[in-house]
Amino acid sequence: MLAALLAALAAMPSLRGEFVYDDYPYVVDNADLAGGWDRVPRLFRVAFPSEAPERGLYRPVTSLTYRLDRSGGTRGPTRYHVTNLVLAFALGLAAHEALRRVLSARSAVAGAFLFAVHPVHVESVAWITGRSELLSALGALLAFAWAVDTLRSGGRGRAVAAGVALLLGALAKENALVVLPLLGLVAFVERRTTSPARVALAFAPLLVASGAVLALRWSVLGAFGPVGGETVGGPTLASRGPLIVAALGEHLRLLLWPHPLSIERMPRAPGAWSDPGVVAGAVTIVAWVGGVWALRRRRSVRLLGLWPIVALAPVMHFVPIGETVAERFLLLPSLGVAGVVGAALIESGQGRNVRRALLVALVLAGFVVSWRYASEWRTEEAVWRHAVAVEPGSATAWTALGDSYARRDWPDKAEPFYQKALELDPGLTVARLALAQALDDRGRPDLALVETQEAVRLAPDHAKALNNLGARLARAGRVPEAEEMFRRAIARAPGYAPALRNAAFAAEDRGDRREAVRLWERARAADPRLPLASEVFRAASPESSSAR
């Protein structure tokens, strides 16, 4: 309980934090979270969010918790932060439950304390968007603990509970499915004392839950991975080999030495085996595996040594993803490192008092570092100023820093940061669209149109870019071209309300009231915050209904 309490207290400064970066498209501006409770089942039938299916995200349980936070008209970030702190507390308890199935009682407690204060957890707790990691890890750890109980003593109740926990965790984020190979490691280690019947009983509910998640994901998205958007690394698995080694090594390094902490890491994916980042990653992997194997303790400790490598598999670029390295990916993998270090420091042997003193020092240091880093999350600007200081070559960080000013209606201050981002990565669509908006806000619609056209040229399937270009073409009087952009945006993202709304206005401008109403009702189905079509088009005129 004390370890779980420390897990929540370590991130307490973030309770006063603002919305940051992805919090806006996923939470603040997410139309899927609006409307009455009758729209809740829809969360299980659409992508997350529905206007961006190309990102390949399906997280209905995460969406449901955001919807609960928003109930009662809550608009500020405080309630979301409170929920994240409660989940951090619950995760601390679940971590101990998982560790005590593998380690001795004292080692499990030591590992739970180290897990609770690990600084890499701050991003997942302090960032509202990080909630999917909290929910996924919580479901995975409970499923693991109850499935191990089933392996050892049977019991259908625990087996079913494990399946339900995994189902909910994987519907928050699919990373929870790593429970299957993790449980497989336990089954292998204990193969001589576990009957085939108990193995089957333990795995059956987990396999059913995994199949249900994959089936739901396929029915909604039509794919198991991203189907578009911006990803890192080469197009083939072989070309991503150096990236896989570099990313795994850097993640392991952060688990062992979490400094410096930052929301943005490794902005450029290494493409050659001779890259220093790849070499450093390989050295770190070999050192970690060799160090764990040299402990000469119970096989369960060695199992925990493999835990972070197995748990990191979903984000190791076997399937293209949008982040090279991220601290929020380390929430579940950190349990293995915490368990190994806790067992090494607490079990009997020479220098026991010294090792216990070192354990206490590590817990205190972890708490202090976590507290200080959580304080950085109080303002969006502070988060991204810290990020560009740590990774000055990150175009994403410079773009987000510009966004923090744009959201305060300071486009003149935001523009230089967008220009810097495009110097680093001319193909970064979000930076170019943000620059176009800043130019528009500063009274330069001509330059804004040029930048938006370039964004569409570089990313011809980007729904937001297509919609923005259509809106600017409409304002320039080029309505047929604008309608074509809206049609392309809707074809790419059928639930993208802004494009549907703009297409409705365009149809009204050319006198097709029936088509305008049809498109508007589709837009309202996606975003119930929009008024009824009858309220919009009753007073509409060519002068008042120009696309926005």
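The values are calculated or read from the model by the stated rules, or taken from the named source; none is laboratory data. Note that the structure is predicted; figures quoted are calculated from it, not measured. When we count neighbours, we look across all protein chains shown, and the Cβ atoms used for this are built from the backbone with ideal geometry, even at glycine.
Just a few scattered comments:
- Some residue of the stretch 404-411 being touching a residue at least 24 places away in the same chain (Cβ under 8 Å), farther than 17 Å from Asn468 by Cβ and in a helix (DSSP H, G or I): yes
- Put simply, of Ala202, Ala246, Ala223, Ala212 the only residue that is surrounded by fewer than 20 Cβ atoms within 10 Å (Cβ to Cβ) and assigned to a helix (DSSP H, G or I) is Ala212.
- Selection within the stretch 34-54 - more than 15 Å from Ser219 (Cβ to Cβ), of a type outside the set (Asp, Glu) and crowded, with 20+ Cβ neighbours inside 10 Å: Pro49, Ala52
- When Val283 is tested against (1) surrounded by fewer than 18 Cβ atoms within 10 Å (Cβ to Cβ); (2) modelled with pLDDT under 95, just one condition goes unmet, and that condition is (2).
- Of all residues making up the stretch 54-83, the number that are among the aromatic types (Phe, Trp, Tyr) and closer than 24 Å to Leu9 by Cα: 2
- Top-ranked residue in the stretch 332-355 [being in contact with a helix residue (DSSP H, G or I) (Cβ under 7 Å, 6 or more places away or on another chain) and surrounded by fewer than 19 Cβ atoms within 10 Å (Cβ to Cβ); ranked as nearest to Leu182 (Cα to Cα)]: Glu347
- Residues that are more than 19 Å from the chain's Cα centre (by Cα) and surrounded by 24 or more Cβ atoms within 10 Å (Cβ to Cβ) within the stretch 378-398 comprise just one, Trp398.
- Test: residue in the stretch 74-97 that is more than 30 Å from Asp22 (Cα to Cα) and modelled with pLDDT of 95 or more: yes
- Within the set Leu519, Leu530, Leu500, the sole residue that is in a loop (DSSP other than H, G, I, E, B) and modelled with pLDDT of 90 or more turns out to be Leu530.
Yes or no, residue by residue, for (1) on the phi > 0 side of the Ramachandran plot; (2) surrounded by fewer than 18 Cβ atoms within 10 Å (Cβ to Cβ); (3) of a type in the set (Asp, Glu):
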| position | (1), (2), (3) |
| --- | --- |
| Arg67 | no, no, no |
| Gly76 | no, yes, no |
| Val82 | no, yes, no |
| Val86 | no, yes, no |
| Ala95 | no, no, no |
| Gly111 | no, no, no |
| Glu133 | no, no, yes |
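- The residue that is surrounded by the most Cβ atoms within 10 Å (Cβ to Cβ), counting only those in the stretch 176-196 that are at pLDDT 95 or above and over 16 Å from Leu303 (Cα atoms), is Ala176.
- When each of Leu401, Leu428, Leu422 is tested for being crowded, with 21+ Cβ neighbours inside 10 Å, closer than 30 Å to Glu18 by Cα and touching a residue at least 24 places away in the same chain (Cβ under 8 Å), the lone residue that passes is Leu428.
- Residue selection: Val292 fails the criterion of being of a type in the set (A, V, I, L, M), assigned to a helix (DSSP H, G or I), buried (at least 23 other Cβ atoms within 10 Å of the Cβ) and touching a helix residue (DSSP H, G or I) at 6+ places or on another chain (Cβ under 6 Å).
- One residue from Arg253, Arg217 being of a type outside the set (A, V, I, L, M), in contact with a Ser or Thr (Cβ under 9 Å, 6 or more places away or on another chain) and either assigned to a helix (DSSP H, G or I) or under 26 Å from Asp425 (Cβ atoms) (or both): Arg253
- Residues considered: Arg217, Arg302, Arg298, Arg192. Of these, the only one that is of a type outside the set (Ser, Thr, Tyr) and closer than 19 Å to Pro320 by Cβ is Arg217.
- Criterion: part of a helix (DSSP H, G or I), of a type in the set (Lys, Arg) and under 25 Å from Gly495 (Cβ atoms) - qualifying residue of Lys464, Lys420: Lys464
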